[in-house]
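Structure, as structure tokens:
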């Protein structure tokens, strides 16, 4: 289930090729999620939770994103950040907990086609 785009309006807008290391990212606040109401689907499976008026839907690994792009793992621990590409509210990028850009499989595939080589190797070379 995809995250509602309304929640992403406060996310940072970052082009990871210009900024491969995220600095001054929003602070994770796991304590905000200590009290919640479970959200269930029609088969009574837990699909997320609600805190105050905001709903959070679990991703395929059981984690979720907050309204600032902070990503939490299935145990509620900080796990990185999601940001949006400047000018495109549908193109998301992920930075790990150390603030390092992690290309998605789709981005790697697109970059390989554009650059004519192994995008992962190019990414490593740029970070070195």
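The values are calculated or read from the model by the stated rules, or taken from the named source; none is laboratory data. Quantities reported herein were computed from a predicted structural model and do not represent experimental measurements. For neighbour counting, all protein chains shown are included, and Cβ atoms are generated from backbone atoms with ideal geometry for every residue, glycine included.
Of everything in segment 70-96 that is part of a loop (DSSP other than H, G, I, E, B) and at pLDDT below 95, the residue that is nearest to residue 25 (Cα to Cα) is 86. Sub-6 Å Cβ pairs linking a first residue in segment 6-29 that is within 30 Å of residue 53 (Cβ to Cβ) to a second residue that is modelled with pLDDT under 95 and part of a helix (DSSP H, G or I), at least 6 apart or interchain, number zero.
Scanning segment 97-123 for residues that are within 16 Å of residue 19 (Cβ to Cβ) and at pLDDT 80 or above yields 98, 99, 100, 101, 102, 103.
Among the residues making up segment 42-63, those that are touching a strand residue (DSSP E or B) at 6+ places or on another chain (Cβ under 7 Å), surrounded by 14 or more Cβ atoms within 10 Å (Cβ to Cβ) and over 18 Å from residue 98 (Cα atoms) are 47, 48, 49, 55, 56, 57, 58. In the set (1) out of contact with any strand residue (DSSP E or B) (no Cβ under 7 Å at 6 or more places or on another chain); (2) touching a residue at least 24 places away in the same chain (Cβ under 8 Å), the condition left unmet by residue 70 is number (1).
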